[in-house]
Amino acid sequence: MIQSMTGYGKSVLQLPTKKISIEIKSLNSKSLDLNARFPSQYREKELEIRKLIASKLERGKIDFSLFTEFTGEATSTQINKTIVRQYINQLKDVVDGDETELLKMAIRLPDAVTTERDDIDEGEWSLIASEIANTLEKIHQYRLDEGKVLETEFIDRVQNISGLLDKVIEMDPERIEGVRERLAKSVAELKEKVDENRFEQELIFYIEKFDITEEKLRLKNHLDYFLKALKSDDSNGKKLGFIGQEMGREINTIGSKSNYAPMQKLVVQMKDELEKIKEQLLNIL
């Protein structure tokens, strides 16, 4: 089952004195690019959080945010009254103003407000870690849902290429006959006698250079392999990308060998379908 690297998950945990909001967003990336933001109180848990996210999401540009909002009476932030009074006295020597205005200025100055760093309560952290895991499950499900949409599109595109390939196969005998007729006409216009047996041998050799039997077979196999890989248990966007490259190689070779305008038009359509597949493959985990 393929997964998209695009995803979003959010959870809110209400504790006795605070509300914890957890948000995770992900976009496509060649590797794991994790940006984590959380209060300094939980800084010692950063490595644990990163390992948990990496094990679940594997790859992508990940933004993880943990916000804390105090809802109870307890707070770790205190006004440093002594420092604030000293600031106000100093400001009085510099500017005129009432006490309220001076207080507004003083409270913004360094060390006017201090935050005591409390030790992490392991019971509380256990609840937070559980909620982070829950949020990761939400974004994982989001990725799976997006993957189902992309899978449907991939199947449609591959079937379109397969249908165009069938037309190429159907058209191939006509193409070869057209090449044969053009060569025979060119020789006839020279008004020179030629050895028919030798001409036939040279014609066969020339036509073999335009033979696309192997390319048609390999492209068909690549299309089948791509659909099979879509149904695998794991999501491997890189593997699908490699198969897409092989599909493109065969399509390009068919185009260069075709030497036949109607077939080249079909090749252009196949390339267009393949480009749309490649664009979406960049977003597959």
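The values are calculated or read from the model by the stated rules, or taken from the named source; none is laboratory data. Remember, predicted model here, so these are calculated numbers, not experimental data. Don't worry about glycine lacking a Cβ; one is built from the backbone with ideal geometry, like all the others, and counts go over all protein chains shown.
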Exercise for review: Inspect all residues belonging to region 251-262 and state whether any of them is within 22 Å of Ile2 (Cβ to Cβ) and in contact with a Phe, Trp or Tyr (Cβ under 9 Å, 6 or more places away or on another chain).
Suggested key: no
Revision key, fill the gap. Result of the Cβ filter at 8 Å on region 241-262, keeping first residues that are free of Cβ contacts under 8 Å to residues at least 60 places away in the same chain and partners that are of a type in the set (Ser, Thr, Tyr) and in a helix (DSSP H, G or I), at least 6 apart or interchain, is Ile243/Tyr225
Exercise for review: Restrict the check to region 231-245 and report whether at least one residue is over 20 Å from Leu219 (Cβ atoms) and part of a helix (DSSP H, G or I).
Suggested key: yes
Review point. Going through region 13-49 one residue at a time, which ones are over 16 Å from Ser126 (Cα atoms) and of a type in the set (Lys, Arg)?
Key: Lys25, Lys30, Arg37
Point to revise | strands (runs of 3 or more DSSP E) completely within region 1-111 that count 2 or more residues being among the aliphatic types (A, V, I, L, M) | key: 7-14, 18-27, 32-37, 60-70
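Conditions (1) touching a His at 6+ places or on another chain (Cβ under 9 Å); (2) modelled with pLDDT of 95 or more; (3) surrounded by fewer than 14 Cβ atoms within 10 Å (Cβ to Cβ); (4) not assigned by TED's automatic domain parsing to the domain that holds Ile132, marked per residue:
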{"residue": "Lys19", "(1), (2), (3), (4)": "no, no, no, no"}
{"residue": "Glu23", "(1), (2), (3), (4)": "no, yes, no, no"}
{"residue": "Asn28", "(1), (2), (3), (4)": "no, no, no, no"}
{"residue": "Phe38", "(1), (2), (3), (4)": "no, no, no, no"}
{"residue": "Arg43", "(1), (2), (3), (4)": "no, no, yes, no"}
{"residue": "Arg59", "(1), (2), (3), (4)": "no, no, no, no"}
{"residue": "Asp63", "(1), (2), (3), (4)": "no, yes, no, no"}
{"residue": "Thr82", "(1), (2), (3), (4)": "no, no, yes, yes"}
{"residue": "Tyr87", "(1), (2), (3), (4)": "no, no, no, yes"}
